[in-house]
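Undergrad: Following this message is one structure expressed as C-alpha cells.
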Amino acid sequence: AIWIENMNTVLDDNKKLCLNSGEIIKLSAVTTMLFEVRDLDYASPATVSRVGIVFLEPDTDLGWKPIIDSWLLQLPDYIKADHSEQIFNLFTNYYEVMLECTHRTRTPFAVSNGWLACMATRLMEALMTDQEENFCKPTVTLPEGEEPDDDMDMGQSFMDREVTIAQIFWFTMTWTVGACTDPDGRLFTCDIIRSCIDNKKDLLQKFGFVADFTKVDLTGGGSIPAPPRKGYLHDLFLDPTDGTKWKPWTERIEGFDIPKGAAYHTIVVPTSDTCRNQFLIRTLIERGYNMLISGPTGTAKTASIQGMLLTGFSPDRYSTVSFAFSAQTTANQTQDVIDGKLDKRKKGTFGPPAGKKMLVFIDDLNMPFKEEYGAQPPIEILRQMFILTPFGLGWYDRKGWEFRQLIDIHMLAAMCPPGGGKNDITDRYSRQFNLLFVTPFDDESLARIFSTVVNKFLGGLARDVAGAAPFAVSATLDIYNTVLKEMLPTPAKSHYTFNMRDVSKVFQGLCQCTRESLPKVDDLVKCWMHECERVFKDRLTTKQDMNWFFGLCKRTMDRQFKKQYDQVVKLEPIIFADFCDPKSQSYVEIQDHGKLAAKIAECLEDFNSVSKVRLDLVLFTSFIQHICRVIRVLRLPLGNALLVGIGGSGRKSTTTLAAYVAQYELFQIAVSKGYGMNEWHDDMKSMLMKCGCGNINTVFMFSDTQIAKEAFLEEVSSILNTGEVPNLYAQEDKLDITEKCAKGAAAEGQTTPSEVFSWYVGQCRKNLHIVICMSPIGDAFRSRLRSFPSLVNCCTIDWFH
C-alpha cells in the first residue's frame, strides 16, 4: 500500500515524516511505531527491513484456552465461585473433539478455533444470565432460625444448577460448532455430541479422531437428561421449567392465526426454524452481543431478522435501522445512514433516544466491492464501531473532525456465504459476531408455511376449489425445485437465479383471487399455471427454455391435479386480468381476447386524447400480454418490475400504457446535460413525498439510459429494499412529513416522530411501484444484476423477445 511507503522515513533513525506539501515533521525520540497486520501482502522489502517482525500463529501459539480462562473471570460471582471449575473441565475435556468436527465437515463460512471459542463463551454467558428463560439462579440462603415464606423463590440448588450448566454447554456446542456447517455436518456433529454425553468412544474411533475426551462427572449427585437418540439436536430446546430436558421447538409455536385483513406480504408463518433463529437473536442481543446469519438465498435470513425486529423486541426498549449493502455502497454512505438515525445524548456522544438501545440490521453484508488492496471500505468503517479508542467506541465526524462516541448500538447482519462471485469479509470484523449458518427449508416446512397462507385466502371459495389448494402448493414447490436444478445461471442468462421469493410471488398472485375469479377447480388450475408462467417463464430468454417450462407445467398439472392440459385450457394463451370488466374488480381469466384488445385500444385512444405525447401503437397479442403482465405487477403490494429488452422492443410504451390502464400516475426523470446528484435527490424527494404524504399510486419508470451515475441505481436499489433513500430529507422536510402524515399515522396508533416517519416509509412502499427498463446487450446488464441483487430479488422480470 502507498501509505506504508510514506512511513519509511519515519521508521528510519532520524524519524522524519515528509508530507506532499514539502513540510517535514520530526517525531520525538521516544516515539515508537507498532503495526498489527494480518499479512505482508502489500509490504515492500524497504518496510520489512526497517521493523522487527514477530509472527503469531493463533491456533498453535495461543490457542483457544486463554480466551476461556479470561472469560471465566468475568462470570457472575455465584457461578464463578461454584462452577468455574466445572465449566473449565467441560471445555478442556470436550472442546478439542468439538473443534475437530468443524475440520471434518463442510463449513461454507470459514471459522477459526479462536472465533468458535469466542462464540461459545458469548452464547453460554447469554444463556446463563438470561432474564427471560431463567436457566441459572443463585441459591437463596436465609439466616439461621428464619423460615421461608410460602411464595418465596429460594433460587436454585447447587445440584440443579450444575446439571443446567452442563446442558447449556451442550446446547452451546450445538449452536456454535454445530451451527456453522451444512445439514450433513450438523447431523455428524449431533452424533458426536451424543457420544460425548453417553461416554461412548466407538464413533470417534470409527472416524479416526485425533482428539479424545475424558468424562466430566457431576459432583452434586444430579444426572444429565439424555437427548433423543436420533435426528438433529438443533430441533430441540432446553426447557428450564422441566429440569432442562430437551424438547422440540415446535412446542414453542402457539396456534397461529392470520389476522383478519392482513396483507399477503406482511404475513410471517412461524416454523421451528424461525422460532429458534429468533430465540438465539433475542438471547444474544439482550446480552449486548452481535449476530451474523449466513446461508444460501431464500432461507428466510432477512425474514427472520425483520420479523424479530418488528415483533420480537419491544419498541419501548429498542429502536431499529435496516438497510442493505450493494456492490457500490461506500463508507461515507454507510456512516451517513447510521449517523442520520442517532440522537445527541451529550457533547460528543450519540446514540438512540435515551433509555433505548439501537439494533442496526445490515442485509447483504458482503456485497461491497473490494478495493485495490483487498479491503471493503463500508465494512472497515463499521469495524471502527467495535474498536476501543482512548475516546470510546465510534468514529470521526467528517465535517468538523470531532470524535463521535457511539453508545447502545448492536448489530445484526445477514449475508450469503462467500464464493460464487460473493466476497468474504475480513475476520477482524466477523469475529465481533456470533455466526449462525442457516440451512435451506425442507419441503415439509415450506408446504406447511404456504398451505397456512393459501388456505386462509382461498378458504372462502367453493368447497371443491378450496380443497384443491394444497395441490397448488405441492405443484408449485415441484416446479420450483425442478427449475432450480435445471435452469442454472450462465453468463448469457445471469438472471436465472431463483429463490423462495419467486415461490411466494406465485402464491401472492393466487391469493388475489375471489369466489368470482375461481368458480371451479379448473379455474384454480388455470390461475396456478398463469402465475407460474408470470414468475418463472417470463424471464426465460430462449424458445427452447420456454418450451421446456411449458412441458414441465403440463406434466406437473397431470401429476398433482390429475388433470390433462388440453381438457382444462380451451383458450391460449391464458391471461388473467382485473381491468377488462368495468362492473367487476375481480382478477379473472379473460375468456375473449378480442374484448381485451378492444379495451386496451379504448384506453390507448383515451390516453392519446389527454397526453401531450401521442403513442401510435399497433396492438398485437404479444404486446397486449406484456401490458397485462406489467399491470399484474403494479396491482400487487410492493410490486416492482424489471423489463429487459433491446432498444425499440416496447418496454417504455408498455409501462406508459399499463400505468394509464391501472389509473396510476407515471413519473420519470428528465436527464439533461447538467443533471447530477442534487437534481436526482430533488426528484426522488418530490416523488416519495407524493406517494407517502399524498397517498397517490405512482409508477416510477427508470431506464438504463438514464443512469448518468451508478449512484442513481444504488438509491433505486435502496428504495426497492427499504422504501427510502438514506439521508434524503433535511430537517425541515422531516417536520413537513410529520405534519402531513400525523393524522394517518395516529389512526394506526403511531404518534412519536420516528413512528410517524416509519409509517410514511410504509406508505411510500405501498404506493410506489418501480419499473426498471434495461437492455441485455453488453456487460453492463450482467454486472448490474451482480452488483445490485435487489434488481432480481425485489422485481418480477419480464423479458421482451
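Undergrad: Among the residues that make up region 751-766, is at least one of them at pLDDT below 90 and part of a loop (DSSP other than H, G, I, E, B)?
TA: The answer is yes; a qualifying residue exists.
Undergrad: Related question: Any idea which residue in region 369-384 is farthest from the chain's Cα centre (by Cα), counting only those that are at pLDDT below 90 and open to solvent by less than 70 Å² (accessible area, probe 1.4 Å)?
TA: It comes out as 374.
Undergrad: Sticking with this structure for a sec: Which condition breaks for residue 777 when tested against (1) more than 20 Å from residue 342 (Cα to Cα); (2) open to solvent by 30 Å² or more (accessible area, probe 1.4 Å); (3) among the hydrophobic types (A, V, I, L, M, F, W, C); (4) free of Cβ contacts under 8 Å to residues at least 60 places away in the same chain?
TA: Of the numbered conditions (1) more than 20 Å from residue 342 (Cα to Cα); (2) open to solvent by 30 Å² or more (accessible area, probe 1.4 Å); (3) among the hydrophobic types (A, V, I, L, M, F, W, C); (4) free of Cβ contacts under 8 Å to residues at least 60 places away in the same chain, the odd one out for residue 777 is (4).
Undergrad: May I pose another question? What helices (runs of 4 or more DSSP H) lie completely within region 629-732 and have 2 or more residues being among the β-branched types (Val, Ile, Thr) and in contact with a Pro (Cβ under 7 Å, 6 or more places away or on another chain)?
TA: Numbers: elements: 651-661, 677-692, 710-722.
Counting at least 2 such residues, we get no helices (runs of 4 or more DSSP H) at all.
Undergrad: Taking interchain pairs and intrachain pairs at least six residues apart, which have beta carbon atoms under 9 angstrom, with the first residue in region 184-197 and basic (Lys, Arg) and the second assigned to a helix (DSSP H, G or I)?
TA: Qualifying pairs under 9 Å: 186/174; 186/178; 186/179; 186/233; 186/234; 194/203; 194/233.
Undergrad: Determine whether region 330-346 contains at least one residue that is within 15 Å of the chain's Cα centre (by Cα) and open to solvent by 30 Å² or more (accessible area, probe 1.4 Å).
TA: no
Undergrad: Moving on. Would you point out which residue out of 188, 237, 169 is open to solvent by 30 Å² or more (accessible area, probe 1.4 Å) and either within 30 Å of residue 416 (Cα to Cα) or assigned to a helix (DSSP H, G or I) (or both)?
TA: 188
Residue-by-condition table, conditions (1) in contact with a Leu (Cβ under 9 Å, 6 or more places away or on another chain); (2) outside any helix (DSSP H, G or I); (3) under 21 Å from residue 625 (Cα atoms); (4) not acidic (Asp, Glu):
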position: 478; (1), (2), (3), (4): yes, no, no, no
position: 481; (1), (2), (3), (4): no, no, no, yes
position: 492; (1), (2), (3), (4): no, no, no, yes
position: 507; (1), (2), (3), (4): no, no, yes, yes
position: 523; (1), (2), (3), (4): no, no, yes, no
position: 530; (1), (2), (3), (4): no, no, yes, yes
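Undergrad: Okay, next question. Could you look through region 464-498, keep only residues that are of a type in the set (D, E, K, R) and within 23 Å of residue 795 (Cα to Cα), and pick out the one that is surrounded by the most Cβ atoms within 10 Å (Cβ to Cβ)? Steps first, please.
TA: Taking region 464-498 and keeping what is of a type in the set (D, E, K, R), we get 464, 478, 485-486, 493.
Those left that are additionally within 23 Å of residue 795 (Cα to Cα): 478, 485-486, 493.
Values: 478: 16, 485: 8, 486: 12, 493: 18.
Among residues in region 464-498 that are of a type in the set (D, E, K, R) and within 23 Å of residue 795 (Cα to Cα), the one surrounded by the most Cβ atoms within 10 Å (Cβ to Cβ) is 493.
Undergrad: Here is a list: 596, 552. Which entry is farther than 24 Å from residue 663 by Cβ and either hydrophobic (A, V, I, L, M, F, W, C) or in a helix (DSSP H, G or I) (or both)?
TA: Unique residue meeting the criteria: 552.
Undergrad: With 273, 316, 336 as the choices, which residue is in a helix (DSSP H, G or I), out of contact with any Phe, Trp or Tyr (no Cβ under 9 Å at 6 or more places or on another chain) and among the charged types (D, E, K, R)?
TA: Exactly one residue qualifies, and that residue is 336.
Undergrad: Further question: Here are the criteria: (1) at pLDDT below 90; (2) aliphatic (A, V, I, L, M); (3) surrounded by 17 or more Cβ atoms within 10 Å (Cβ to Cβ). Tell me which single one residue 730 does not satisfy.
TA: The one condition residue 730 does not meet is (3).
Undergrad: Looking at region 151-159, can you tell me whether even one residue there is of a type in the set (S, T, N, Q), within 19 Å of residue 245 (Cα to Cα) and touching a Pro at 6+ places or on another chain (Cβ under 8 Å)?
TA: yes
The values are calculated or read from the model by the stated rules, or taken from the named source; none is laboratory data. This structure is a prediction, so every number in the text was calculated from the model and none was measured. Virtual Cβ from ideal backbone geometry, glycine too; neighbours counted across all protein chains shown. Ligands, DNA and RNA are stripped out before the accessible areas are found, and what is left, the full protein with its side chains, is counted by its heavy atoms. Shrake-Rupley method; radii C 1.70, N 1.55, O 1.52, S 1.80 Å.
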